[in-house]
Amino acid sequence: MRRSWKMALSGGLRCCRRVLSWVPVLVIVLVVLWSYYAYVFELCLVTVLSQAEKVIYLILYHAIFVFFTWTYWKSIFTLPQQPNQKFHLSYTDKERYENEERPEVQKQMLIDMAKKLPVYTRTGSGAVRFCDRCHLIKPDRCHHCSVCAMCVLKMDHHCPWVNNCIGFSNYKFFLQFLAYSVLYCLYIATTVFSYFIKYWRGELPSVRSKFHVLFLLFVACMFFVSLVILFGYHCWLVSRNKTTLEAFCTPVFTSGPEKNGFNLGFIKNIQQVFGDNKKFWLIPVGSSPGDGHSFPMRSMNESQNPLLANEEPWEDNDDDNRDYPEGSSSLAVETET
């Protein structure tokens with residue numbers, strides 16, 4: 001009886017957590033819906049008097065708005081990609097691993113299993129990266145997200161504002177969402193500013209639209225500043241071919257720690273996220289190369305491009321199993337096990 005009561009309580013708490021996790025998304029949706037009403041109706045249709053100006057404002061606004069909402073939708077509803085079956089322990093291997101009590105033997109078992117897989121990264125102690133929750137050998141750049149309760153390929157962070165884990169499957173969409181968000185806020189701020197000045201000087205009648213126009217400029221500027229910082233940070237990560245996790249914790253390879261281990265050069269780093277075909281770079285469709293299980297490495301490209309070898313390696317990192325607090329999109333790094 002007590003056990004069933006605890007299970008029911010645990011299930012109820014998980015259900016509440018899932019519901020509450022959508023609150024940040026709901027807040028963003030409500031703000032966007034209000035901004036649409038304030039800009040289209042209160043500014044363009046009520047405040048702006050010039051017909052030509054109305055048409056231009058509305059066409060440009062809706063063009064940006066479509067891409068902004070499209071990329072946000074893709075960031076939310078593109079499911080994180082998990083490692084395929086070959087990285088999971090078989091039933092027999094799982095039993096052998098769990099029944100073995102000697103850590104050194106367990107470590108050797110994982111090393112033997114990893115020989116058949118394209119795995120080149122290790123923990124800080126040199127052991128094979130293994131998830132004891134998902135019972136799998138982690139592919140390179142894969143981490144376990146405690147919020148999603150799964151291992152995510154090329155995990156960057158868990159973002160509460162999209163209620164999703166950002167990784168290989170949706171990192172491109174997330175970057176596009178940040179870019180179009182910055183453009184959306186910038187466009188609103190620049191087109192609203194002149195009417196903000198007119199209301200401030202009393203050149204326009206003080207009607208209901210005044211509140212919406214004044215507040216629209218304030219909200220657009222506030223979001224613009226925070227989004228520019230976040231977008232700039234992720235642009236820097238892309239230019240170095242790093243994830244947020246790798247920026248905080250240096251990846252360890254079989255040869256040792258190397259912060260620039262996946263750095264292939266500026267252009268190739270961008271192509272690792274957006275693909276080789278530039279016509280797809282601005283459109284939220286999947287174009288990232290590979291399957292998310294393995295990635296080109298710096299050491300494999302140095303022979304072809306000696307300039308890569310000129311950069312000095314950075315300092316060592318701590319153990320691969322270090323825990324990170326959950327936070328905002330810019331610093332949200334989920335606990336890896």
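Based on the Cβ-Cβ distance from Lys54 to Ser146, what FRET efficiency comes out when R0 is 45 Å, to the nearest 0.05?
FRET efficiency, Lys54 to Ser146: 0.35.
At 0.36 nm per residue, minus the direct Cα-Cα distance, what do Arg102 and Trp70 gain on full extension? Give it in nm, one decimal, please.
Using 0.36 nm per residue and subtracting the Cα-Cα distance, I get 6.4 nm.
Distance check, please: which entries in Lys138/Lys172; Lys198/Lys278; Lys94/Lys172; Lys172/Lys259 exceed 31 angstrom between their Cα atoms?
Lys198/Lys278; Lys94/Lys172
How much accessible surface does Val213 have with a 1.4 Å probe, in Å² rounded to 10?
Surface accessible to solvent at Val213 totals approximately 0 Å².
Only one of the values [x] -0.50, -1.28; [y] -0.60, -1.23; [z] -0.43, -1.39 was calculated from this structure for log10 I(q)/I(0) by the Debye sum over Cα atoms at q = 0.09, 0.15 Å⁻¹; name its label.
[y]
Taking the Cα-to-Cβ direction at Ala63 and at Lys94 and moving 7 Å from each Cα, how far apart do the two end points lie in nm?
So the label points at Ala63 and Lys94 sit 5.3 nm apart.
Suppose R0 equals 35 Å; then what is the FRET efficiency for Arg201 and Leu30 from their Cβ-Cβ distance, rounded to the nearest 0.05?
The pair Arg201/Leu30 has a calculated efficiency of 0.65.
So how much slack lies between Val23 and Leu79, counting 0.36 nm per residue of separation and subtracting their Cα-Cα distance, in nm? Kindly include the intermediate steps, with their values, before the conclusion.
On the way: separation 56, 0.36 × 56 = 20.16 nm, distance 1.88 nm.
Computed gain between Val23 and Leu79 is 18.3 nm.
Please give the per residue accessible area of region 1-150, computed with a probe of 1.4 Å over protein heavy atoms only, in Å².
Counting only protein heavy atoms, the per-residue value for region 1-150 is 61 Å².
In region 71-130, which trypsin sites (Lys or Arg not before Pro) are in a loop and have at most 14 other Cβ atoms within 10 Å, using DSSP for the loop call?
Numbers: sites: Lys74, Lys86, Lys94, Arg96, Lys107, Lys115, Lys116, Arg122, Arg129; in loops: Lys115, Lys116, Arg129.
Counting only loop positions with at most 14 other Cβ atoms within 10 Å, the trypsin sites (Lys or Arg not before Pro) in region 71-130 are Lys115, Lys116.
As an exercise, identify the GluC sites (Glu not before Pro) in region 54-140 lying in DSSP coil whose Cβ has no more than 11 other Cβ atoms within 10 Å.
Hits after loop and neighbour filter: Glu101.
Quick one: length gained pulling Val46 to Leu183 fully straight, 0.36 nm per residue minus the C-alpha distance? Numbers along the way, then the final one.
On the way: separation 137, 0.36 × 137 = 49.32 nm, distance 2.37 nm.
Net length gain for the segment: 46.9 nm.
Per DSSP H run of n ≥ 4, the term is -39500 (n - 2.57); total these for the chain, divide by its residue number, and report the mean residue ellipticity at 222 nm rounded to 500 deg cm²/dmol.
-16000 deg cm²/dmol
List every residue whose amide H lies under 5 Å from the amide H of His143, counting only residues 5 or more places away in sequence or on a different chain, with H placed 1.01 Å from N in the peptide plane.
So His143 has HN proximity to Val152, Lys154, Met155.
Please list, in order along region 51-65, the HN-Hα scalar couplings obtained from phi with the Karplus expression 6.51 cos²θ - 1.76 cosθ + 1.60 (θ = phi - 60°), rounded to whole Hz, x for Gly and Pro.
5, 4, 5, 4, 4, 4, 4, 5, 5, 5, 4, 5, 4, 5, 4
From the phi of every residue in region 177-194, what ³J(HN,Hα) in whole Hz does the Karplus formula 6.51 cos²θ - 1.76 cosθ + 1.60 yield, where θ is phi - 60° and glycine or proline is x?
4, 4, 5, 6, 5, 4, 5, 4, 5, 5, 5, 4, 4, 6, 7, 7, 4, 4
List the residues whose amide H sits under 5 Å from the amide H of Ile166, counting only those 5 or more places along or on another chain, with H placed 1.01 Å from N in the peptide plane.
Those qualifying (amide H under 5 Å, at least 5 residues apart or on another chain) are Asp156, His157, His158, Cys159.
How many Å² of accessible area per residue for region 186-263, probe 1.4 Å?
That works out to 48 Å² for each residue.
The values are calculated or read from the model by the stated rules, or taken from the named source; none is laboratory data. Nothing here was measured: the structure is a model prediction, and the numbers come from that model. Here the Cβ is made from the backbone with ideal geometry for all residues, glycine too, and neighbour counts use every protein chain on show. Surface areas here come from the heavy atoms of the whole protein model, side chains and all, with no ligands, DNA or RNA. Shrake-Rupley method; radii C 1.70, N 1.55, O 1.52, S 1.80 Å.
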